[in-house]
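Just below is one structure, and these are the notes that go with it.
The values are calculated or read from the model by the stated rules, or taken from the named source; none is laboratory data. Worth saying up front: this structure is predicted, and the values here are computed from it rather than measured. Note that each Cβ is placed from the backbone with ideal geometry, even for glycine, and that neighbours are counted across all protein chains shown. Please note that ligands, DNA and RNA were not included when accessible areas were found on the heavy atoms of the full protein model with its side chains. Shrake-Rupley method; radii C 1.70, N 1.55, O 1.52, S 1.80 Å.
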Amino acid sequence: MSRPRRLELKVSSEQAGTRLDQFLAAPLGSRAHAQSLIDAQRVRVDGRPRPKRHLVRTGELVEVEEEQLAPPQAGASEAPFTVAYEDEHLLVVDKPAGVVVHPARGHATGTLAQALGGRGAGGEDPWRAGIVHRLDRDTSGLLVVAKSDFVHRALKSLLASRHLRREYLALVDGHLSARTGTVDAPIGRDRRDRLRMSIETDNPRAARTHFEIERVLPAATLLRVVLETGRTHQIRVHMAAIGHPVAGDPLYGVAGRYGLSRQFLHAQRLAFDHPVTGEPLDVRSPLPDDLRAALELAGE
């Protein structure tokens, strides 16, 4: 179940000059949560969306609309997943397409976080079940999950310092002009369509995507993509921005390419040093059957 929550906060003279995300950190529980709501344009200052760097002024009214999600109950979800690696400190799960990672509006149950309830742990929100990063509902592949607060913090630190390598396989439309490249373009909520992310935004956040050609096909290209940052829909937005949308992407490209019912995007590899033992971990996931079939069609 989700419960709507509205906050109205008046800026005092002592708080004036504080960044908006810092101003909201205490009432919302964390600065990261405040930033996510600001980026989603669910925070308004005197009736207008403002960026997180906005310095609040005395007397301004800050309005916040969010959902509080109840912690998952045991047995509340039958969301499918497989375990690619596990020890006493963490696990790496392989998520199939169609599974939502965290509870959200319209997806209060049936999520991966709920399926992991009692198995993963750590993080500011207990209902996140130790999940360190996320994948879109219709993107398949690997996610790392902590089993304690210490390991969760350590994995978050690896992610922030770019020592947790995330590689994807993406089939994109057309042929690229270079074998390798980097898309360095900030991403935020689209100015005209709130369901889309875009490089044309009023609230840009740094985003950097590296790619390398794996295979050239008659009308498409299979890429190996490495994320340096982790913005919502990042690979999908960046590939569309350079004129090569992910095949089958219903939001940023052309749905149904090569018989696909989703975008051809798979989190194929996670590589990092174990935060407790220091052991190098390199976990890989095979292409799911639907993507393998699409790749065969694209090669004909």
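Return the percentage of antiparallel bridges among DSSP beta bridges fully within the stretch 92-191, rounded to the nearest 5 %. Looking only at bridges with both residues in the stretch 92-191, the antiparallel portion is about 75 percent. Cut-off 10 angstrom, C-alpha nodes, Gaussian network model of the chain. Which of L112, L195, L222 fluctuates the most? Highest fluctuation of the listed residues: L195. Computed from phi, the 3J(HN,Hα) profile of the stretch 196-213 under the Karplus parametrisation 6.51, -1.76, 1.60 (θ = phi - 60°) reads 10, 9, 7, 7, 9, 9, 8, 10, x, 10, 3, 8, 9, 10, 9, 9, 9, 6 Hz, with x in place of Gly and Pro. Contact order, relative form, for the chain: 13 percent (alpha carbon pairs under 8 Å, 6 or more residues apart, mean separation divided by residue count). The helix-only estimate of mean residue ellipticity at 222 nm for the chain, built from DSSP H runs of length n ≥ 4 each weighted as -39500 (n - 2.57), is -5000 deg cm²/dmol after division by the residue total. For the residues E78, E296, a 1.4 Å probe over the protein chains yields an accessible-area ranking, largest first, of E78, E296. Computed about the Cα centre, the dipole magnitude for the chain is approximately 820 debye when only Lys and Arg (+1) and Asp and Glu (-1) carry charge, each at its Cβ.
Heavy-atom surface analysis with a 1.4 Å probe gives the chain a carbon and sulfur content of 48 percent of its accessible area.
Helices that extend 15 Å or more along their long axis by alpha-carbon positions and average at least 0.0 on the Kyte-Doolittle scale are, among the DSSP H runs of the chain, 149-160.
Taken along the Cα-to-beta-carbon direction at a fixed 7 Å, the label points for E300 and R57 span 6.3 nm. Measuring from a point 7 Å past the Cα of R179 along Cα-to-C-beta, which residues in the stretch 202-227 have an amide N at less than 19 Å? Inside the label zone: 210-218, 220-226. Just checking the listed ones, Q41, Q234, Q15: in the Gaussian network model of the chain with Cα springs under 10 Å, the one fluctuating most is Q15. Within the stretch 192-300, the trypsin sites (Lys or Arg not before Pro) that combine a DSSP coil assignment with at most 11 other C-beta atoms in a 10 angstrom radius are R192, R194. Taking all protein chains into account, the per residue accessible area for the chain stands at 48 Å² (1.4 Å probe).
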